[in-house]
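Enquirer: Mind having a look at this structure? Questions to follow.
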Amino acid sequence: MGGQLSPIGLLLMLVGAAISFALGRYLSRGWRAKRQQKQQAAKLASETRQQRRARERRERK
């Protein structure tokens, strides 16, 4: 019980950490996209008529 970690234990920890990181990144993509859509909708809803018309003109070009 010296607190030493075997090479196999260390390898398993590294593999587990890598899988956890990759899975977290993969799953968070959907959440981020939804949050960005909500923020964009809120931004558009709070625009004044003048700002909305200017944005529409820029988008048409």
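Readers should treat all values here as calculations from the given coordinates under stated rules, not as data from a laboratory. If you're wondering where the values come from, they're calculated on a predicted model, not measured in any experiment. As a convention, Cβ positions derive from the backbone with ideal geometry for all residues, glycine included, and neighbour counts pool all protein chains shown.
Enquirer: Determine which single condition TYR26 fails, assuming it passes every other condition in (1) surrounded by fewer than 10 Cβ atoms within 10 Å (Cβ to Cβ); (2) of a type outside the set (Gly, Ala, Ser); (3) more than 26 Å from the chain's Cα centre (by Cα).
Expert: With (1) surrounded by fewer than 10 Cβ atoms within 10 Å (Cβ to Cβ); (2) of a type outside the set (Gly, Ala, Ser); (3) more than 26 Å from the chain's Cα centre (by Cα) applied to TYR26, the lone miss is (3).
Enquirer: Let me ask you something else. On the given criteria, is ALA54 surrounded by 10 or more Cβ atoms within 10 Å (Cβ to Cβ), more than 28 Å from the chain's Cα centre (by Cα) and without any contact (Cβ under 8 Å) to a residue 40 or more places away in the chain?
Expert: For ALA54, the condition - surrounded by 10 or more Cβ atoms within 10 Å (Cβ to Cβ), more than 28 Å from the chain's Cα centre (by Cα) and without any contact (Cβ under 8 Å) to a residue 40 or more places away in the chain - is met.
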